[in-house]
Structure formats: C-alpha cells, structure tokens
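Novice: Here it is: the structure, laid out below.
The values are calculated or read from the model by the stated rules, or taken from the named source; none is laboratory data. Just so we're clear, the structure is a prediction, and the values are computed from it rather than from any experiment. Quick reminder, even Gly has a Cβ in these numbers, built from the backbone with ideal geometry, and neighbours come from all protein chains shown. Surface areas here come from the heavy atoms of the whole protein model, side chains and all, with no ligands, DNA or RNA. Shrake-Rupley method; radii C 1.70, N 1.55, O 1.52, S 1.80 Å.
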Amino acid sequence: MKKRTFLTAAALSAAALAAAPAMAQDNTFKIGLILPMTGQQATTGRQIEAAARLYMAQNGDTVAGKKIQLIVKDDTSLPDTTRRLAQELVVNDKVNVLAGFGITPSALATAPIATQSKTPMVVMAAATSSITQASPYIVRTSFTLPQVSVALADWAPKNGIKTVVTLVSDYGPGIDAEKFFKDRLTFNGGQVTDALRVPLRNPDFAPFLQKVRDNKPDALFVFVPSGAGAAVMKQFLERGLDKAGIRLIATGDVTDDDQLNDMGDGALGVVTSHHYSAAHPSAMNKKFVEAFSKANKGLRPNFMAVGGYDGMRVIYEALKTSKGQGGGDALLAAMKGQLFESPRGKIFIDAQTRDIVQDVYLRKVEKKDGQLYNVEFDVIKDVKDPGKAK
Ligand code: VNL
C-alpha cells in the first residue's frame with residue numbers, strides 16, 4: 001500500500017485548506033464572522049454582530065461588484081469550536097475573510113487556519129498583545145491590554161495612588177494587563193503590593209476582594225473581560241472596599257458601556273483607561289451611537305461594537321482597493337496601513353505589525369442626562385501596542 005493512504009486527518013485538512021481559496025470563484029464575497037453568541041461572553045457577540053449589520057446597512061451590501069454575505073457562527077467562546085468552525089467556513093463555505101474572535105484563545109486557535117489557507121483574519125475583540133504575531137494574516141481592530149494599561153499606571157501616582165493590588169482574569173489579556181501596569185507603576189515610583197488572578201470561567205470575586213481589603217492598598221486595579229465588570233463592581237461595593245478607602249481603577253473593560261448604566265451610583269467616580277467610550281464627543285460617534293441604539297432597541301454600543309464596525313470598514317475598503325482580484329494576499333495588503341476616522345477617534349492599522357494604533361483616553365464614570373457614562377478627561381495620542389516594543 002502506498003504511503004499516501006495513511007495521510008492523517010490533520011494533513012488532509014491542511015491540504016483542503018491550502019486548496020480552498022483557489023476554488024472560491026463567484027460573485028459573492030463571504031465574511032465568516034465567528035463570535036460567542038451564547039454563554040459567558042454572549043454580550044460581545046451580540047454587540048459585534050449588531051455593529052457589523054449596522055455597517056452593512058449604512059454602506060450597502062455590494063462592494064467592487066461583489067455581493068457581501070455575512071455568515072455568523074456561534075463558537076460559545078470554546079477555542080476548539082472556533083477552530084472547527086473556521087475550518088468549515090474556509091473549506092466548505094469558501095469564505096474570503098475570517099472575522100470576530102471574542103476571546104484570545106479563540107483567536108489563537110484559528111491563526112494556523114488563516115496562515116495555511118491565506119485567509120485574512122480580522123480580530124475585532126480579542127486583545128492579548130501577541131495575537132497579531134500568531135499569523136501574518138491577522139489584522140486587529142480592537143485594542144491591546146498593554147496599550148490601555150500603561151496610561152492608567154502613569155495617571156495613578158500623580159493622583160495620590162502609590163500602592164496598588166492588581167486583580168486580573170487569569171489568561172492572556174489579564175496577564176498582559178498585570179505586567180504592563182506593574183512595570184510602568186514601578187517605573188513611576190509606585191508599588192504593586194499583591195497580584196491576584198481569578199479564573200476566566202465562572203469567577204467568584206469575593207475571596208479575592210477580601211484579600212484586597214486586608215491588604216489596604218491605595219487602589220485596586222482590575223482587568224476582567226467584557227461582561228464580567230458588573231459582578232466585580234457589585235462585590236467591590238458589597239464588601240465595602242470603597243468605604244475602607246480603597247479606590248477602584250480599571251481598564252474600560254470593567255465599566256463596559258454594555259453594562260455600565262445598570263451598575264448604579266456606586267460606580268460614580270471610577271477612573272478607567274480605554275480606547276472607546278459611548279460618550280466620546282465627536283460628531284461621528286454621536287451619529288454612530290444614535291444609529292446603533294435605534295437599530296437595536298435602545299442598546300448602547302460598547303468597545304466591542306466599535307471593533308466590529310471598524311473591522312467591517314477595513315474589510316470593505318480592502319475589497320474596494322483590491323477590486324476583488326488577487327485573493328487573500330491582495331486583500332491583506334490592502335488592509336495594512338489603513339488610516340481613518342472611527343467612532344473612537346482616528347485609527348491606523350500599522351502595516352508592519354498589522355495591529356491598531358489609536359488614542360487612549362482616561363475617563364471617569366459620571367452621570368449625564370440621568371445615565372452613567374465613561375466621560376473622557378484626558379487623551380494620549382496615537383498609542384502603539386507597547387507589547388510589540390520588546
Ligand atoms: C479579551 C480581552 C476579551 C478583553 C474581552 O472580552 C475583553 C480577550 C470578552 O482577549 O480574550 O474585554
């Protein structure tokens with residue numbers, strides 16, 4: 001018997017992946033959007049899908065003579081499922097672009113599929129620094145945790161915060177946030193007195209917050225992924241950490257616009273750093289928030305929605321520039337270097353790193369028209385991912 005008969009399933013699927021793009025030939029342009037639509041990260045999927053649909057409604061569904069088809073798949077944020085769905089989308093549906101990716105493990109699980117099939121992969125949510133290095137076909141429109149954490153570590157010591165306990169979700173983005181916050185705070189003369197990590201799945205914050213209370217730092221710095229912020233806020237207040245004189249500071253994932261308005265007045269005054277606030281005072285953002293809310297029963301867009309909206313812009317413009325010719329490589333080339341105004345402000349896809357360069361804002365939770373918002377009070381312009389500088 002010949003050796004080829006013993007091709008493993010993996011080798012077979014690699015062959016199928018490599019052959020897939022050559023066969024994609026008709027007048028539709030397919031975007032495979034893989035998101036957590038159910039489970040713990042469902043709000044991320046809901047926000048990104050809504051934003052992608054809004055972009056299409058506003059910009060039409062025909063680009064460079066091709067009909068855009070959005071294929072949404074629910075990976076329930078399980079990376080094995082993400083990988084299987086990506087494989088099916090590339091081999092069976094012959095998608096031209098893979099997009100979405102709610103959490104880091106899902107993005108990392110898909111990276112080899114993007115590479116083997118030469119399919120551009122637009123990461124709209126996941127935010128661990130190293131993701132863009134996992135495949136030369138990855139382009140990111142979300143943010144990175146180092147990018148936003150450093151700004152807060154510069155702000156804190158100038159505002160009476162010298163000792164900090166960090167509390168992060170125990171996986172890629174949390175570890176990035178912990179490291180980059182700590183290094184910069186230490187550089188600035190502050191001190192991280194304890195570094196706590198909570199599990200990503202079904203976290204119980206109570207025992208960790210008790211430790212923070214006993215430690216009595218000037219502030220608690222938190223990163224948890226979108227969707228988990230309200231639980232942290234509730235426990236922080238219930239355990240009386242605010243009354244014990246401990247300030248809460250965080251990345252904007254915690255005061256997430258998807259949940260913020262339901263967190264109650266206990267959230268007032270919390271300072272965070274991030275790249276998007278629904279209260280960002282630009283004409284473009286006002287229009288975006290209004291249109292998004294109108295199309296989604298009053299839902300407020302969060303930073304995930306903006307990552308999805310801008311990701312669609314990157315795909316549409318790349319298709320226009322490459323005129324639908326030249327496959328994944330031409331599309332990827334036309335994604336690199338895009339510079340445009342987003343609802344968050346001006347953004348840039350760095351051609352070298354394929355990562356996003358953007359302004360980072362310091363914000364404080366305030367009440368405006370009876371609703372809670374992250375109100376921007378300072379900005380650091382054109383921030384590259386500090387995670388790439390090493
Ligand atoms: C990630 C980072 C996910 C930040 C998030 O929410 C987030 C990630 C779902 O890289 O997994 O807010």
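Novice: Give me Rg/Rg_expected for segment 296-390, where Rg uses Cα atoms only and Rg_expected = 2.2 N^0.38 Å with N residues.
Specialist: 1.32
Novice: Sticking with this one: Using a 1.4 angstrom probe on the protein heavy atoms only, could you order Arg363, Arg201 from most to least accessible area?
Specialist: So the residues, ranked largest to smallest area, are Arg201, Arg363.
Novice: If you count the DSSP beta bridges with both ends in the chain, what percent of them are antiparallel, to the nearest 5?
Specialist: Antiparallel bridges: around 40 percent, rounded to the nearest 5.
Novice: To the nearest 10 square angstrom, what accessible area does Thr163 show with a 1.4 Å probe?
Specialist: Rounded to the nearest 10, the figure is 40 Å².
Novice: What percentage of the solvent-accessible surface of the chain, computed with a 1.4 Å probe over protein heavy atoms, is contributed by carbon and sulfur atoms?
Specialist: Ligands and nucleic acids excluded, carbon and sulfur reach 52 percent.
Novice: With r defined as the distance between the Cβ atoms of Ala64 and Asp378 and R0 fixed at 41 Å, what FRET efficiency is calculated, to the nearest 0.05?
Specialist: 0.50
Novice: Whole angstrom only: what separates the Cα centroid of segment 18-77 from the Cα centroid of segment 303-345?
Specialist: Comparing the Cα centres of segment 18-77 and segment 303-345, I get a distance of 13 Å.
Novice: A further question follows. Mind checking which of Thr62, Thr128, Thr255 has the largest fluctuation in a GNM of the chain, springs on alpha carbons under 10 Å?
Specialist: It is Thr62.
Novice: What residue among Val91, Thr104, Val72 has its Cα farthest toward the positive end of the dipole of segment 48-204, where the charges are +1 on Lys, Arg and -1 on Asp, Glu, each on the Cβ?
Specialist: Selected residue: Val91.
Novice: Hey, another quick one. Given q = 0.07 Å⁻¹, what are the Debye log10 I(q)/I(0) values for the chain, with equal point scatterers placed on the Cα positions and solvent ignored?
Specialist: Each listed q corresponds, in turn, to -0.31.
Novice: Still on this structure, I have one more. For segment 162-297, what size does the Cα cloud have along each of its three principal axes, sorted from largest down, in whole Å?
Specialist: Computed over the Cα atoms, the extents are 46, 32, 28 Å.
Novice: Turning to a different aspect of this structure: Taking only the alpha-carbon positions of segment 232-390 and ignoring solvent, what does the Debye formula give for the base-10 log of I(q)/I(0) at q = 0.17, 0.21 Å⁻¹?
Specialist: Result of the Debye calculation: -1.03, -1.32.
Novice: For segment 94-215, treating each Cα as an identical point scatterer without solvent, what Debye log10 I(q)/I(0) comes out at q = 0.10, 0.15, 0.22 1/Å?
Specialist: So the normalised log intensities are -0.40, -0.75, -1.14.
Novice: Just to confirm, what accessible area per residue do you get for the chain at 1.4 Å probe, in whole Å²?
Specialist: Each residue of the chain exposes 40 Å² on average to a 1.4 Å probe.
Novice: Also: How large is the accessible surface of Glu238 in square angstrom, using a 1.4 angstrom probe and rounding to the nearest 10?
Specialist: 120
Novice: Ratio of alpha-carbon Rg to the 2.2 N^0.38 Å globular estimate for segment 102-165, to two decimals, please.
Specialist: 1.48
Novice: Sticking with this structure for a sec: As a test question: what accessible area, to the nearest 10 Å², does Glu317 have when a 1.4 Å probe is rolled over all protein chains in place?
Specialist: 50
Novice: Hey, what's the Cα Rg ratio for segment 60-112 versus the globular rule of thumb, 2.2 N^0.38 Å?
Specialist: Ratio of Cα Rg to 2.2 N^0.38 Å: 1.23.
Novice: Under 18 Å from the Cα of Lys162, which aspartates and glutamates turn up, not counting those fewer than eight places away in the same chain?
Specialist: Hits, sequence-local ones excluded: Asp154, Glu178, Asp183, Asp194, Asp214, Asp218, Asp242.
Novice: Binning at 5 angstrom from zero up to the longest distance, how are the C-alpha pair distances of segment 34-90 distributed in percent?
Specialist: 4, 19, 22, 20, 18, 11, 5, 1
Novice: Continuing with the same structure: Round to the nearest 0.05 the FRET efficiency obtained for Ala231 and Thr28 when R0 = 35 Å and r is the Cβ-Cβ distance.
Specialist: 0.25
Novice: What's the angle, to the nearest 10 degrees (0 to 90), between helix 79-91's Cα axis and the longest principal axis of the chain?
Specialist: With rounding to tens, the tilt is 30 degrees.
Novice: Cross-link candidates for Lys320: which aspartates and glutamates have Cα within less than 16 Å, leaving aside residues fewer than 8 places away along the same chain?
Specialist: The reachable aspartates and glutamates, counting only those whose Cα sits under 16 Å from Lys320, are Asp61, Asp310, Asp329.
Novice: Pick from Asp80, Asp93, Asp369 the residue whose mean-square fluctuation is largest in a GNM of the chain, springs joining Cα atoms under 10 Å.
Specialist: Fluctuation is largest for Asp369.
Novice: Which of Asp170, Asp355, Asp26 moves most in a GNM of the chain, Cα contacts under 10 Å?
Specialist: Asp26
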